[in-house]
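What follows is a single structure, written as structure tokens, with notes after it.
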Amino acid sequence: MADERNTRSTQSNETFGADSLPDLAGRTAVVTGANSGIGLAATQALARAGAHVVLAVRDVERGRTAAATVRGSTEVRRLDLADLSSVRAFADAWREPLHLLINNAGVMMLPRQRTKDGFEMQFGTNHLGHFALTNLLLPYLTDRVVTVSSGAHRWGGVRIAFDDLDLTARYTPQRAYAQSKLANLLFTLELQRRLTASGSAVRALAAHPGYAATNLQSGTANPVARAFLRLGNRVFAQDDKAGALPTLYAATQDLPGASYVGPDGLGEMRGAPTLVGRSRAAADPLTARRLWRVSEELTGTRFPLTADETARQG
């Protein structure tokens, strides 16, 4: 499949690591799904660099256990991305400036399930939950939004099934996951367009971890696929700390809006973070705008920034 390629970053990334972050003292970050995997690894690195990190997690007790492993300033707040009332409650409680939002949480290749609001679980959690959260928090954001996608956005030439977003007639766990990850990239593309048009200095970027060994694969529906992924985790995968590097690179380096960061190794499976390509479907601005409009209707949230709001952000 042909890809739309980002221009490669001129900044050297070969030595970029979790200890390469700039001083983040005085900055606040929200990381969704921060209790394990690359979310926890990113949280640990950001806090170690001086940021105050809010672990936005569905299970508060697990979040507190994770926070206890972090050296630095943290707090734990409940957020269930599969429940829009929980998303709204989280955003309604936010009152302070927010420098960085990392949309990291996700579910992968689940058997057919629905969110509390009735959406297909993977599209509802991975895309719609983060879409609503980002729009509700944008009035407080001052720097950037990083959304974690996946190379799965290319699987099978996937497209957004606007006639059947829940994939009712043709559901497979793989197709649903791929659609949700494509939606993450289209969301980033349209969010950046809107931020630029509003005059906001906030940037929207996306990242993917390559093949990282995390708990994400444990929810996969097919037992054969689970066994294969467990084997891959042991033999081929990077650890969660390496998998978090593209997210951290996107979160802290001076990159253009709408950039997509992933590993630089063979097949983007592992390696140092760099700007990577995306499928033509993920680079289509008309599809991105259509998805945005549909997502607004489904979530009841809107892009909130106005000229006055942008001026207040500074």
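Bear in mind that the values in this text are calculations on the coordinates, not laboratory data. Since the structure is predicted, the reported quantities are computational estimates derived from the model, not experimental observations. Every residue, glycine among them, receives a Cβ derived from its backbone with ideal geometry; neighbour counts consider all protein chains shown.
Normalised by the empirical 2.2 N^0.38 Å for globular proteins, what value does the Cα Rg of region 94-208 take?
Normalised by 2.2 N^0.38 Å, the Cα Rg of region 94-208 equals 1.09.
Based only on the alpha carbon positions, what is the Kirkwood hydrodynamic radius of region 106-146, in angstrom?
11.3 Å
Quick one: Debye curve from the alpha-carbon atoms of region 27-151 only, equal weights, vacuum; give me log10 I(q)/I(0) at q = 0.10, 0.15, 0.22 Å⁻¹ to two decimals.
Log10 I(q)/I(0), no solvent term: -0.27, -0.63, -1.33.
How far is it, in nm, from the label point at residue 112 to the one at residue 170 when both lie 7 Å from their Cα along the line to the Cβ?
The modelled label-to-label distance comes out at 1.5 nm.
Can you give the Rg/Rh ratio of the chain, where Rg is from the C-alpha atoms and Rh is the Kirkwood radius?
0.93
Taking only complete DSSP H runs, can you tell me which helices of the chain stretch 24 Å or more along their own long axis by Cα positions and average at least -1.0 on the Kyte-Doolittle scale?
Helices meeting the span and hydropathy rule in the chain are 173-198.
Among 123-135, 287-299, 148-160, what's the highest-first ranking by average C-beta atoms within 10 angstrom per residue?
Those peptides, ordered most packed to least, come out 123-135, 148-160, 287-299.
In whole Å, largest first, what are the principal axis extents of the Cα atoms in region 266-306?
40, 20, 19
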